[in-house]
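Trainee: This is the structure, below, for whatever I ask next.
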Amino acid sequence: MAQSTNTADQQPAGEKTQSRIEASCLELALEGERLCKAGDFKGGTAFFEAAVRVGTEDLKTLSAIYSQLGNAYFYLKEYAKALEYHRHDLTLARTIGDRTGEGKASGNLGNTLKILGRFDEAVVCCQRHLDISQEQGDKVAEARALYNLGNVFHARGKQQAWGCAHDPGDLPPDVRDTLKRAAAFYEMNLSLVKELGDRAAQGRAYGNLGNAHYLLGNFVEAIKFHQERLAIAKEFGDKAAERRAYSNLGNALIFLGQFKTATEYYRKTLQLSHQLKDRAMEAQACYSLGNTYTLLQQHDRAVDHHLKHLHIAQELRDRIGEGRACWSLGNAYMSLGNHRQALHYTRKHLDISREIGDQSGELTARVNVKRLMESLGAAEGDLSPCGSEFEVQGARPKSSQRSRRDSVDLCKSRWVKGQNGHGCQDVDAQSRGARGQLACPIRRKGHADGQSDGRRWLDWQDSPVDTEDITVQVTHPKLGRGPSGEDCFFDLLSKFQSSRMDDQRCRFDEPPDGEEGAGPPRPHAPTH
């Protein structure tokens with residue numbers, strides 16, 4: 001025993017110091033890992049960075065720390081720092097000849113570049129990840145690389161589609177090609193994860209395939225994939241994924257003209273959102289239901305749901321959501337013949353549009369206020385504030401039979417079954433300019449709605465983050481719905497199908513809003 005002690009004492013001082021540093025670096029990294037797993041990414045990054053400052057001669061350990069730091073910053077949405085550390089990780093992996101590490105670092109770089117909209121670079125990185133995975137015979141990594149490549153093309157396609165004033169499927173050739181490539185990678189991913197027996201990964205693939213086909217206008221195919229996604233979500237008890245599947249199914253059914261069935265799915269979406277205590281998604285579901293009941297010309301029920309949407313938007317201090325709700329309520333009350341209440345909400349839409357700097361919304365609201373004032377035969381000074389009590393209580397005034405009769409002429413529209421059975425509506429172009437019609441705001445590329453306080457009415461990607469192949473398997477943080485890259489359906493839905501919804505709205509245009517199909521569906525895309 002004494003001899004052992006003497007041997008330790010004789011160990012060079014430099015080696016003992018290095019040993020203590022190595023222990024210190026590893027201990028700091030392990031604490032950082034623990035905090036990240038617990039969802040404390042800020043705390044985790046502090047420990048990881050401390051570990052980097054202490055340093056280590058074990059380059060493989062340092063590579064792992066860089067990877068963990070990159071992913072922690074990714075979850076914190078500090079993408080510039082995430083990019084920096086993933087690049088460090090890639091450089092180090094190449095230096096030490098770690099091909100597996102190089103593949104993982106490339107995949108993480110690809111995901112980060114995708115979020116930043118640098119799609120060409122993202123494709124190069126994800127392709128490198130795929131090549132290395134195939135070279136190493138790593139089927140799990142290969143499946144992830146295929147999924148990530150699908151994500152990159154999907155995100156690019158959604159961005160391109162957002163700039164096009166077309167219905168899903170009616171897209172320029174380059175956009176269609178991008179989305180078809182996304183679907184092809186998802187198909188390859190699905191085939192591989194089936195071979196691996198990974199049901200959870202199959203669910204993600206089905207959800208993304210459903211969303212890609214939705215954008216391509218293949219609504220029957222989209223429904224088929226979302227039903228598969230729904231079945232797997234139920235199998236795992238994944239209520240969030242189940243909620244997204246119901247929402248996406250409702251969105252696709254809207255384009256097939258199956259409005260009644262769509263309301264059933266939206267109601268399930270609302271129920272699950274309530275169970276999950278996700279107020280933002282409750283608002284989305286109310287908005288979706290309100291718009292669908294408008295398509296069914298059940299304007300009383302539309303008002304009920306738009307009032308609920310308004311209440312939640314006010315609770316969340318989502319001014320853009322409030323503006324959408326007021327716009328929709330103005331149209332619904334107009335259809336009910338209650339022009340005074342319609343004017344109240346149209347004025348509120350005008351005020352909110354001014355506040356948030358929405359010039360097209362402001363212009364639209366001005367036109368609508370003028371038309372309503374004319375229909376009431378009133379001047380600005382003749383009107384007193386009205387309707388505020390309805391917002392607070394969530395109630396709506398009953399419209400008289402006479403007011404309903406007065407608005408009958410404004411609600412004449414023709415339903416024409418469109419090509420491919422999509423149920424397109426058609427109304428005389430001249431009727432769009434009728435005095436009783438409320439104008440529809442024009443969406444502009446990059447409009448502020450795309451930066452909405454989240455309330456992204458639709459999650460297009462099953463998982464907002466795809467950095468699964470990282471050293472530390474961290475859990476997704478419970479982030480509030482602040483500005484995010486997730487797409488919202490009803491923005492895209494109202495953007496893409498505005499003509500259909502507007503026509504069915506008895507000549508009262510539909511607000512360009514709303515996840516999974518329209519919500520500013522501008523994060524990027526639909527939900528899974």
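The values are calculated or read from the model by the stated rules, or taken from the named source; none is laboratory data. As the structure is a prediction and not an experimental result, all values here were calculated from the model. Virtual Cβ from ideal backbone geometry, glycine too; neighbours counted across all protein chains shown. Surface areas here come from the heavy atoms of the whole protein model, side chains and all, with no ligands, DNA or RNA. Shrake-Rupley method; radii C 1.70, N 1.55, O 1.52, S 1.80 Å.
Trainee: How much length would be gained if the chain were fully extended between Leu30 and His274, taking 0.36 nm per residue of separation minus their Cα-Cα distance, in nm to one decimal?
Mentor: Extending this stretch completely gives an extra 84.1 nm.
Trainee: Multiply the residue gap between Asp300 and Val124 by 0.36 nm, knock off their C-alpha separation, and tell me the result in nm, one decimal place.
Mentor: So the chain would gain 58.1 nm between Asp300 and Val124.
Trainee: Where the centre of each part is set by its Cα atoms, how far does the range 275-335 sit from the range 174-205, in angstrom?
Mentor: Using only Cα atoms to place each centre, the spacing works out to 34 Å.
Trainee: Here's another thing I want to ask about it. Rounded, prolate or oblate: which one fits the range 209-339, using the alpha carbon gyration tensor with axes a ≥ b ≥ c (rounded when a/c is under 1.5, else prolate when a/b beats b/c, else oblate)?
Mentor: oblate
Trainee: Follow-up. Give me the percent of accessible area attributable to carbon and sulfur for the range 76-156, probe 1.4 angstrom.
Mentor: 49 percent
Trainee: Turning to a different aspect of this structure: Given +1 on the Cβ of Lys and Arg, -1 on the Cβ of Asp and Glu, and no further charges, what dipole in debye does the range 164-296 carry about its Cα centre, rounded to the nearest 20?
Mentor: For this selection, approximately 380 debye.
Trainee: Then there is this: Relative contact order (percent) for the range 140-205, with alpha-carbon contacts under 8 angstrom and 6 or more residues of separation?
Mentor: Worked out over the range 140-205, it gives 43 percent.
Trainee: Grab the other residues whose beta carbon is less than 11 angstrom from that of Leu130, score K and R as +1, D and E as -1, and report the net.
Mentor: -2
Trainee: Still on this model: Sort the range 226-303 into rounded, prolate or oblate with this rule: let a ≥ b ≥ c be the square roots of the eigenvalues of the Cα gyration tensor; rounded if a/c is under 1.5, and if a/c is not under 1.5, prolate when a/b is larger than b/c, oblate otherwise.
Mentor: Note, shape of the range 226-303 comes out oblate.
Trainee: What is the Cα convex hull volume of the range 140-243 when expressed per residue in Å³?
Mentor: Once divided by residue count, the hull of the range 140-243 is 90 Å³.
Trainee: Determine the share of the range 248-391's accessible area contributed by carbon and sulfur atoms, expressed in whole percent, with a 1.4 angstrom probe.
Mentor: 48 percent
Trainee: Now for a different question. Could you pull out the pairs from Lys81/Lys114; Lys77/Lys180; Lys224/Lys308; Lys180/Lys224; Lys77/Lys114 whose alpha carbons sit more than 22 Å apart here?
Mentor: Pairs exceeding 22 Å: Lys77/Lys180; Lys224/Lys308.
Trainee: Taking 25 Å as R0, compute the FRET efficiency from the Cβ-Cβ separation of Lys77 and Lys370 and round it to 0.05.
Mentor: Efficiency, rounded to the nearest 0.05: 0.05.
Trainee: Between Lys180 and Ala46, what is the label-to-label distance in nm when each label sits 7 Å out along the Cα-to-Cβ direction?
Mentor: Distance between the two pseudo-spin positions: 5.3 nm.
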